[in-house]
Amino acid sequence: MKLELRKIKVTDLALGNEMKFENGLLTIDPQVIIDGLMEDVNVKSVKVDIAKPGDKTRIIPVKDVIEPRVKVEGSGNGFPGVTTKMEQLGSGVVNVLSGAAIVTIGDIVGFQEGVVDMWGEGAKWTPFSTTYNIVVDISVVDGLQPHDHETTVRIAGLRAAEIVGEVARNITSDEVEVYEMGSIFEETNKYPDLPKVLYVEMLISQGLLHDGYIYGVNSQKILPTLIHPNEELDGAVISGNCVAACDKITTYQHQNNSSIIDLYNRHGKDINFMGVILTPELTTLEGKFRTCDYTAKLCKSLGADGVIISEEGYGNPDSDLLMICKRLEDSGIKTVLITDECSGWDGMSQPLADTTKEAVAVVSAGNVSHVVNLPPAEKVLGNPEAIATLAGGWEGCINDDGSMKCELNAVIGSTSEIGYHNLTVKLY
Amino acid sequence: MVKEIERYGIPIVHMSTITTISESVGANRIVPTIAIPYPVGNPTLSENVELDLREKLVKRALTALTTEVSGVEYF
Amino acid sequence: MTYKVLYYVNQFFGQIGGEEKADIKPILKMEKVGPALGFEQLLGGEAEVVATLICGDNYFNEHEEEALKFIIDAVSEVNPDIVVAGPAFNAGRYGMACAGVANYVVDELGIPVVTGMYKENPAVDHCKAKAIVVEVSDSAAGMRNALPVMAKITKKLLNKEELGLPQDEGYFPQGKRLTVFADERGSERAVKMLVARLKGEAFETELPMPVFDKVEPAAAIKDIKKAKIALITSGGIVPKGNPDRIQSASAQKWGKYNIKDIDSLKGGYYTIHGGYDPVYANEFPDRVAPLDVLKKYEKDGEIGEIYQYFYTTTGTGTSVGNSITFGVEIGKELKEAGVDGAILTST
């Protein structure tokens, strides 16, 4: 498979009367997005706003982040199986509005959403303070059940990304990234001496605001499955909106999965990167045993020498992570795990819910309970009061002047367990 | 929490789905349950079948509390 | 202004005598004695050692309560900005005395303490979480190397500067896992770590696996028909409106609610837990905390009594430290209420 991502660099963002891109400036006509999203009968109203890096703007509560793109050659524009008809992803040419992002907001269940600060202290903690954000606030019709509400918001965000992505259709790009890989046999013939490496990406699969989708299939319903890394980079995997915002993998992060990209960069040099195994994190013990056994079996069948396993979420998925690790290490496959920790406000608590001695190589993406102090914003997109009901916010954490305290828990992408951000934990 | 309550000499049974974690955190009496969002229920069942399921699980918990154990034991 | 330091030593370093003087009671000297002299010179005028506390090692270990009472009074009187103890090298009883002083001063007075010990001194584990314990050699021959490190850290603490990493500064890690920025993103670090492992090169995990302790099982209930049973959940089931504002994740508190007069949680309760799909629990909270069945068994006489309070918190993202605190607090209440057994449900 060969996928070309033609990166069109967005260096400024404005609202205007038409959709266009010129000299780095992306202009958005809110009405075009609103009209597009209002086609869904479940959408009651849509507000569109923008937030640029450095603006004293706080976005809250964030549901998902999506990169606007358009496929100009090859099959599968949009998000096949979700917003467009089913097609094979992973090949072709995609024009990417690189540096821009759709950020969806709007209450779903009244708790559990994320914050993005575009400036100052808060900006350091989230990767989405450096993107030019088109913020889409989606309200749904009255009486919609929570699961339908979530679906409506999820699809509206993806649609918005497609609408904005269209702007890039006829733009020439400054920079082209090529992701190309043959079959496992071809690559192994090319690099017979390099260790064979797989990437196991765990997906939280536990219900409302705790789901992921592969070509539109809820990951709750799959057995662990092998996909080509290009398929994920091309939009095959999306987020079912978020709860604990710090480590939910947003759709944007699937489209730009840092573990995939960093493994690709070593492919043919230090390693033979063979592919991605998507593994659901289920809610039953039987389910966990089944998926962990199955994942280990796939790794063994493919002859992996080394595996990177990334978690999504914390708590019960720690158990899946460590079970997969133990099964692989016991079969002689070397693992590296990426997780985050719940070490408490003071960092003195045990970091994980479970433990296994085989987990000897672990990357920590930060303590989700690390407390950050955020200064008052000049402009709030969304609902500032939401922080008190966020996972990681608490009563009394907003002061009268608008400054607030929260745990990283509430900051979107802060402790990304696909290793998208640059936090870690040191023992003091 | 389980361990700290047990330290007072109060027998405690942990009804949990992810029993691997129960063991790690030091529960001694464990009743495996249905699923994370509904440990002692199952919304796909009819009302009386679901009630019967819950009764059986609670019964097991009571058996656990009335059984001497020397280490981790499942009920 | 120069900061005030109070120095703590044993009978030997306090120049009173050797083993034969190990049972002397604590004394406070408003002067610099033993290592305090050299230590003050290393502070470069930023701080002054105003007094030295001397106590026999045997006296401290055999009469800890009396010794600490004297010491706390002396520290309160001197009112130093910091207390420096030892270094105790590999001396077990001296180490335990330094640790005892350190923990007490930090806990009771909130004054920082710096001490020094050899890595195998059992006292290290007793006080490293509260005091800064500098790693020193195993004998007094290492005094010359130990004092400058202790002095450097003392000055930083006095000036409210943040200490660097334990291995860089020379102290034992206190067990605080602090979030910091790394030079590379997590995925890059993971790939590097994997490549190192595959090549058989050295690598260092960022998260050593936790070790969980065990507790002896409590004795079984003899007669369930007379027993008082408490229901507890970490599934975040609370009365609608969440009156105590329990957090949806990373809970900082627990709640207790009177369930004496209800037969089910249905209608009046819902979940605020942020870690699972709440729809099914909201429909019927007894799916998470089976009060309906427990009440039925109580009526049928199968259980003596359901304790009138139901305890609840959120398990997701809640630190083990907090859950230990919750367990200690809830367990105490249950004990005092004469509860015979408890059922804890988790999601």
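The values are calculated or read from the model by the stated rules, or taken from the named source; none is laboratory data. Every value quoted in this text rests on a predicted model; they were computed, and no experiment measured them. Neighbour counts are summed over all protein chains in view; Cβ atoms, including those assigned to glycine, are modelled from backbone coordinates with ideal geometry.
Need the failing condition index for C:Met209 against (1) at pLDDT below 95; (2) hydrophobic (A, V, I, L, M, F, W, C); (3) part of a helix (DSSP H, G or I); (4) within 30 Å of A:Gly306 (Cα to Cα), just the number. Condition (3) is where C:Met209 drops out. Filtered by the rule that a residue be part of a loop (DSSP other than H, G, I, E, B) and free of Cβ contacts under 8 Å to residues at least 40 places away in the same chain, the range A:403-428 gives A:Ser403, A:Asn422. May I ask you to say which residue of C:Val191, C:Val238 is closer than 30 Å to B:Lys59 by Cα and within 14 Å of chain A (Cβ to nearest Cβ)? When all the criteria are applied, what remains is C:Val238. Filtered by the rule that a residue be among the hydroxyl-bearing types (Ser, Thr, Tyr) and within 24 Å of A:Leu381 (Cα to Cα), the range A:129-187 gives A:Ser129, A:Thr130, A:Thr131, A:Tyr132, A:Ser139, A:Thr151, A:Thr152. For the range C:165-176, the criterion of being at pLDDT below 95, assigned to a helix (DSSP H, G or I) and more than 13 Å from chain A (Cβ to nearest Cβ) is met by no residue. Looking at the range A:223-320, the helices (runs of 4 or more DSSP H) lying wholly inside it that each contain 3 or more residues that are not polar (S, T, N, Q) sit at A:229-233, A:258-266, A:285-301. Screening the range A:212-235 for residues that are within 15 Å of the chain's Cα centre (by Cα) and among the charged types (D, E, K, R) and picking the one that is farthest from A:Leu282 (Cα to Cα) gives A:Asp234. Scanning the range C:121-136 for residues that are crowded, with 17+ Cβ neighbours inside 10 Å and of a type outside the set (Asp, Glu) turns up C:Asn121, C:Ala123, C:Val124, C:His126, C:Cys127, C:Lys128, C:Lys130, C:Ala131, C:Ile132, C:Val133, C:Val134, C:Val136. The residues listed here are C:Ile324, C:Ile272; of these, the one that is free of Cβ contacts under 8 Å to residues at least 40 places away in the same chain and under 24 Å from A:Val371 (Cβ atoms) is C:Ile324.
Within the range C:211-248, the set of residues being closer than 30 Å to A:Ala365 by Cβ and in contact (Cβ under 8 Å) with a residue 40 or more places away in the chain comprises C:Thr233, C:Ser234, C:Gly235, C:Gly236, C:Ile246, C:Gln247, C:Ser248.
In the range A:323-338 there is no residue matching the filter, namely being outside any helix (DSSP H, G or I), modelled with pLDDT under 95 and within 12 Å of another protein chain (Cβ to nearest Cβ).
Kindly establish whether A:Val380 is part of a strand (DSSP E or B) and either surrounded by fewer than 24 Cβ atoms within 10 Å (Cβ to Cβ) or among the basic types (Lys, Arg) (or both). Walk me through it before giving the result.
Numbers: part of a strand (DSSP E or B): yes; either surrounded by fewer than 24 Cβ atoms within 10 Å (Cβ to Cβ) or among the basic types (Lys, Arg) (or both): yes.
Spelling it out, A:Val380 is indeed part of a strand (DSSP E or B) and either surrounded by fewer than 24 Cβ atoms within 10 Å (Cβ to Cβ) or among the basic types (Lys, Arg) (or both).
Do we find a residue being hydroxyl-bearing (Ser, Thr, Tyr) and either at pLDDT 95 or above or touching a Gly at 6+ places or on another chain (Cβ under 7 Å) (or both) anywhere in the range A:160-177? Give the derivation first.
We begin by selecting, within the range A:160-177, every residue hydroxyl-bearing (Ser, Thr, Tyr); these are A:172-173.
Among the residues that remain, those that are also either at pLDDT 95 or above or touching a Gly at 6+ places or on another chain (Cβ under 7 Å) (or both) are: none.
No, the range A:160-177 has no match at all.
Among the residues making up the range C:92-114, those that are without any contact (Cβ under 8 Å) to a residue 60 or more places away in the chain and either crowded, with 19+ Cβ neighbours inside 10 Å or among the β-branched types (Val, Ile, Thr) (or both) are C:Gly95, C:Met96, C:Ala99, C:Gly100, C:Ala102, C:Tyr104, C:Val105, C:Val106, C:Ile111, C:Pro112, C:Val113, C:Val114. When restricted to residues that are surrounded by fewer than 19 Cβ atoms within 10 Å (Cβ to Cβ) and out of contact with any Gly (no Cβ under 7 Å at 6 or more places or on another chain), the range A:22-50 contains 18.
Flag: C:Asp125 does not match the condition of being outside any loop (DSSP other than H, G, I, E, B) and touching a residue at least 12 places away in the same chain (Cβ under 8 Å). If a residue has to be part of a strand (DSSP E or B) and buried (at least 20 other Cβ atoms within 10 Å of the Cβ) to count, how many in the range A:51-79 make the cut? Matching residues across the range A:51-79 total 14. The set of residues from the range C:244-263 being farther than 22 Å from C:Lys332 by Cβ and of a type in the set (A, V, I, L, M) comprises C:Ala249, C:Ile262. Number of residues in the range B:16-75 that are aromatic (Phe, Trp, Tyr) and more than 7 Å from chain C (Cβ to nearest Cβ) equals 2.
Filtering the range A:374-409 to residues that are at pLDDT below 90 and hydrophobic (A, V, I, L, M, F, W, C) leaves A:Ala386, A:Ile387, A:Ala388, A:Leu390, A:Ala391, A:Trp394, A:Cys397, A:Ile398, A:Met404, A:Cys406.
Reported count of residues in the range C:224-263, each being crowded, with 18+ Cβ neighbours inside 10 Å and either not assigned by TED's automatic domain parsing to the domain that holds C:Gln308 or not in a strand (DSSP E or B) (or both), is 14. The residues of the range C:16-39 that are in a helix (DSSP H, G or I), surrounded by fewer than 19 Cβ atoms within 10 Å (Cβ to Cβ) and either of a type outside the set (A, V, I, L, M, F, W, C) or outside the structural domain of C:Asp57 (by TED's automatic domain parsing) (or both), listed by number, are C:Glu19, C:Glu20, C:Lys21, C:Gly38. Answer yes if at least one residue in the range A:110-123 is farther than 16 Å from A:Val411 by Cα and within 14 Å of chain C (Cβ to nearest Cβ), and no otherwise. Within the range A:110-123, one or more residues are farther than 16 Å from A:Val411 by Cα and within 14 Å of chain C (Cβ to nearest Cβ).
With out of contact with any strand residue (DSSP E or B) (no Cβ under 7 Å at 6 or more places or on another chain) and of a type in the set (D, E, K, R) as the only criterion, which of C:Lys260, C:Lys256, C:Lys240, C:Lys225 stands out? First the steps, then the outcome.
Details: C:Lys260 fails: out of contact with any strand residue (DSSP E or B) (no Cβ under 7 Å at 6 or more places or on another chain); C:Lys256 fails: out of contact with any strand residue (DSSP E or B) (no Cβ under 7 Å at 6 or more places or on another chain); C:Lys240 fails: out of contact with any strand residue (DSSP E or B) (no Cβ under 7 Å at 6 or more places or on another chain).
Of C:Lys260, C:Lys256, C:Lys240, C:Lys225, the one residue that is out of contact with any strand residue (DSSP E or B) (no Cβ under 7 Å at 6 or more places or on another chain) and of a type in the set (D, E, K, R) is C:Lys225.
Taken over the range C:293-331, the criterion of being under 30 Å from C:Val211 (Cβ atoms), assigned to a helix (DSSP H, G or I) and within 11 Å of chain B (Cβ to nearest Cβ) is satisfied by C:Val320, C:Asn322, C:Ser323, C:Ile324, C:Thr325, C:Phe326, C:Gly327, C:Val328, C:Glu329, C:Ile330, C:Gly331. State yes or no: is A:His210 of a type outside the set (Gly, Ala, Ser), in contact (Cβ under 8 Å) with a residue 12 or more places away in the chain and closer than 30 Å to A:Asn95 by Cβ? The answer is no for A:His210.
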